[in-house]
Amino acid sequence: MRELLRMLRPASQHWRWMAGGIGLGVAVIAANAALMAISGWFIASMAVAGVTQASFNYFFASASIRALAILRALGRYGERLVSHEAAFHILADLRVWLFKRLIPLAPAGLESYAGGDLAGRLRADVDSLENLYLRIVAPLATGAFTILLAGLFVLVWSGSAALLLVGLLLLAGLLLPLLARHLAEQPGKRSTELAGMLRTTVTEGLQGAEELLLLGATDKQAQTVEGLSSGLVQQQVRLGQISSLTLAGVTICGALAMAGLALVCIPLVQTGQLAGPNLVMLLLFSAASFEAVGPLAHSLQLIPATSEAIRRIRELADAPIPLPEPLQPRLPESCRIVLDQVSCGYAAGQAVLEQFSLTVNQGERVAVVGPSGSGKSTLVELLLRFRPYQGSISIGGCELLDISPDQLAQLVAAVPQQPHLFNSTIRENILLGREVTDEQLTAVLSDSGLEQWIAGLPQGMDTPVGETGSAVSGGEARRIALARALISNAPILLLDEPTEGLDGATEQSVVERLKLRLQGTTLLVVTHRPACLQLAERIVRIGATKGASV
């Protein structure tokens, strides 16, 4: 439970919404119990008045019943509105909190997670935390307050009856749910694990559908999905059975409470210490009080699965940052890049770059070539502060680790080998919220080779690119990413295969325009295409032999 409450801290500023939802929940249950109690008292009193011919003011009772019915209806609506508003605020804050925690981890700190597993943690696990307040914290708090208020109400008429009612409420609302939680712990955690594995398997299967078809492995993949799905269903059936048995126990406790109160209070009626209508009122009140403890079993049963989702999220959020932000960031004095005896690898004992040295003077344009796997793309990722390294990398005399990510983003722009496009328009993918003049945008479109292509589109710059750029070709996506980098006017530009996917004529046109535009820009271009070498003043070759310095 401590871990559940710890997860609410990022959304603690919404405590008013959370407290309001709990307060309205208590008010609704209290109004319903009072409505039942007064209705029973009113009917019994009317019967007694009819038999004894005694006068009875039924206006007050009938008005109270109507008022409580209206209060219950309005309170139920308000409770749903406020509690769901609180849950939505909590989820929104948790998503932002998690995203901020994950930004410093990308990409090196997230490579150990499969794509489907990572997507499941970011989406399904976070979405499941809606249960944290809505179905765990709020019902538990509401039930606790209601049990206390119910005991105080009955105590006015009989201490023994109050003790009996509170005892059975605790049995139904605490002991039975704790038993259910214990029984549900293993299937709850297992169901969350299986759901994550199922999402990962399905996602990766869809992403690799072409390879599965070519290799004839679709049936095996389907069997794996079916096995995970069947296991998940079995665990969910077990959870449903536990929930049903617990609800049956709550119903039995409610019946025992009515029977026990009748046995305790009937002697009081016989001795005149308790009026007959009040006995009916207490019996119906006790039955209505169990509305508060009914959801508690389900709330405690959800804790294991929610705890597992929280564990998966915390595992991501608390992962060590490969390159933490500097405590005292420094600002580079120039754009001179120096790599001195730099080593980097993706796994222990597997160095991609080893004892590598390179100097790129301010305003110099350098091309890096070499065979696949020699570390060309890794070099770009190191300069973007994406990966840890040994040795020294400095920009303008300032060690890369001493430059904050925000400062580096203003200093360096890059076109990675696999650029990401957001599910938005071409304009928004290029600008990313920047404000530029029409002349600047037109120049960037021309220099990146997009001008003629965009002119032929019916929607022009407002054409959607689709999810991950699915509505455009690879060459078009790369040119959009190039325009995005150019429009930043960063003094250092890193290009990783910027013309991949372009035909020869388009490639040559883009290269000629970039040669003019990038005069005075510090450029490092990674390529294996001869046309791109025209951008460089100097060519550096990374050999297959690790440890070679250039």
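Every number here is computed from the coordinates shown, using simple stated rules; none is lab data. Keep in mind that this is a model prediction, so the values were computed, not measured. Cβ: placed from backbone, ideal geometry, glycine included. Neighbour counts: every protein chain shown.
Assuming 1.306 mPa s and 10 °C, estimate D for the chain with Stokes-Einstein, Rh taken as the Kirkwood radius over Cα pairs, in µm²/s.
Roughly 55 µm²/s, to the nearest whole number.
L122 label point, 7 Å along Cα→Cβ, cut-off 15 Å on backbone N: hits in segment 454-483?
467-469
I need the calculated FRET efficiency for the pair S55 and L155, taking r as the beta carbon distance and R₀ as 30 Å, to the nearest 0.05.
Here the calculated transfer efficiency is 0.50.
Place the peptides 84-96, 224-236 in order of packing, highest mean first, counting for every residue the other Cβ atoms within 10 Å and averaging per peptide.
Ranking, from highest mean packing down: 84-96, 224-236.
For the chain, return all DSSP H helices satisfying: extent of Cα atoms along own axis at least 30 Å; mean Kyte-Doolittle hydropathy at least -1.0.
In the chain, the long hydrophobic H runs are 15-52, 58-102, 176-207, 218-270, 294-317.
Contour minus end-to-end for R16 and A47, with contour as 0.36 nm per residue of separation and end-to-end as the Cα-Cα distance?
So the chain would gain 6.6 nm between R16 and A47.
Please report, in cubic angstrom per residue, the volume enclosed by the convex hull of the alpha-carbon atoms of segment 91-223.
It is 144 Å³ per residue.
Can you tell me the FRET efficiency between L148 and F88 if r is taken as the Cβ-Cβ distance and R0 is 30 Å, rounded to the nearest 0.05?
Taking R0 as 30 Å, the efficiency between L148 and F88 is 0.55.
Once you compute Rg and the Kirkwood Rh from C-alpha atoms, what is the Rg to Rh ratio for segment 226-301?
Reported Rg/Rh (Cα atoms, Kirkwood Rh): 1.30.
Give me P(r) over segment 171-307, computed from all C-alpha to C-alpha distances, binned every 10 Å, as integer percentages.
12, 26, 19, 16, 12, 8, 5, 2, 1
Efficiency by 1/(1 + (r/R0)^6): what FRET value for E204 and V96, r their Cβ-Cβ distance, R0 = 30 Å, to the nearest 0.05?
For E204 and V96, the calculated efficiency is 0.65.
Residue separation times 0.36 nm, minus the C-alpha to C-alpha distance between D219 and E435: what's the value?
Gain in length upon complete extension: 72.6 nm.
At what distance in nm do the modelled label points of L245 and N423 sit from each other, each positioned 7 Å from its Cα along Cα→Cβ?
Each label point lies 7 Å from its Cα, and together they span 4.2 nm.
Over all distinct alpha-carbon pairs, what is the Kirkwood Rh of segment 250-359 in angstrom?
Evaluated on segment 250-359, it is 21.8 Å.
Can you quote the Å³ per residue value for the convex hull of the Cα atoms in segment 285-420, rounded to an integer?
For segment 285-420, the hull spanned by Cα atoms encloses 196 Å³ per residue.
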